[in-house]
Amino acid sequence: MGHPYRPNPSTPHSRPNPHAFTLVELLVVVSIIALLIAILLPALGRAREMAKTTVNLANLKGLGFGVAMYQFENDGYFFVHEGNYNAPGTFSDDTKISGTFSDTADLEAAGMSNADATKSRRAHWPDYVYEYASSPKFYKSPMLSSVELANFTVNFVKPGVYTKHKWGGYGYNFQFMGRAWSSTAPAYRAKMDRDVLKPSTTIVIADSAGSRKGAAPPGGLMSNSYVVDPPLYTITTGAQTGKYYQGVNAANSDDDLATVALGSSDWKWRCFPAPRNLGKAGFVFADGHAETKTLKEIDDFNGDGIYDNGYWNGTGDCAPTPR
């Protein structure tokens, strides 16, 4: 029996456990944890973006190797933007690139019918480069969102990878480097030392945001991400049309070059370089190297604050009018 004047520890009047946390202390701990999470999450998010940027630049460097090897083995010529792979026999375009392929085995492996083998499929620039840079991962940007993956990815038609891999997010400077699809202008392929006089500052491939086709997302999101366009249209090469570029005329464009600030991505028609790499876009240049630059840098070669095609036209020509 306990002492009559000593409280029984088992009674409701016993002293609180000196080792227990009070409510105030628990709230302080929870607050500290919440504060740490709030501080660390942005840093973790930035670290993830930096990791993606590193992978993206590695992809572009791989493509740069393919670009260099292609033009080295093709007498200094660069590839075209689009040609036709006419199954089951020929892969051709207006530039007379040699090559005869068949995709019958690829179709059978994919469980597709023979009827599919007779359809004409349009080839794009990766189908030309793949022989020289044959890792499929090089051709799909790790920076694409789920919406962009749905809109930006295209099947290879190159035999051996047809139906097996897709590519997307990287565009070709077809206006100055090579195009073959237009019925209104002759086929064109740039040649090293003839058309490309400054290879280390001439864009070949870049992160592409595609074109909004005059409409704001999501209705205008997005198309044609397999090309990337200069700020000014071209007169002598490429599509030789102003429809997809700024400052042409009211009939062809809703954009006014004077209303879009240098470095802005607010273009309605242009397939502009996508600044997915922490505010910069990734670029492959004609000498094969890759680096990131801002839109303001890439659209103003001489830094005078005026749009020019100096990084795009192979010569560093900074005239403020189309050439």
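The values are calculated or read from the model by the stated rules, or taken from the named source; none is laboratory data. As the structure is a computational prediction, the values presented were derived from the model and not from experiment. Here Cβ is always computed from backbone atoms with ideal geometry, including for glycine, and neighbour counts include all displayed protein chains. Just the protein is used for accessible areas: all its heavy atoms, side chains included, with ligands, DNA and RNA removed. Shrake-Rupley method; radii C 1.70, N 1.55, O 1.52, S 1.80 Å.
The table that follows gives values for the structure above.
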quantity	calculated
Matching residues, region 134-146, being closer than 17 Å to Gly171 by Cβ and either in a helix (DSSP H, G or I) or of a type in the set (Val, Ile, Thr) (or both)	Phe138, Tyr139
Selection count where residues are open to solvent by 20 Å² or more (accessible area, probe 1.4 Å), of a type in the set (S, T, N, Q) and within 27 Å of Ala47 (Cβ to Cβ), scope region 140-158	3
Residues of region 295-323 satisfying the condition of being open to solvent by 30 Å² or more (accessible area, probe 1.4 Å) and outside any loop (DSSP other than H, G, I, E, B)	Lys296, Glu297
Tally, over region 186-221, of residues that are of a type outside the set (Gly, Ala, Ser), in a loop (DSSP other than H, G, I, E, B), crowded, with 17+ Cβ neighbours inside 10 Å and at pLDDT 80 or above	3
Lone qualifier among Asp254, Asp266 - being closer than 30 Å to Ala51 by Cα, modelled with pLDDT under 80 and not polar (S, T, N, Q)	Asp266
Filter pass, Val161 being more than 10 Å from the chain's Cα centre (by Cα), crowded, with 23+ Cβ neighbours inside 10 Å and in a loop (DSSP other than H, G, I, E, B)	no
Test: residue in region 25-41 that is open to solvent by less than 60 Å² (accessible area, probe 1.4 Å), among the small types (Gly, Ala, Ser), at pLDDT 80 or above and more than 30 Å from Glu291 (Cβ to Cβ)	yes
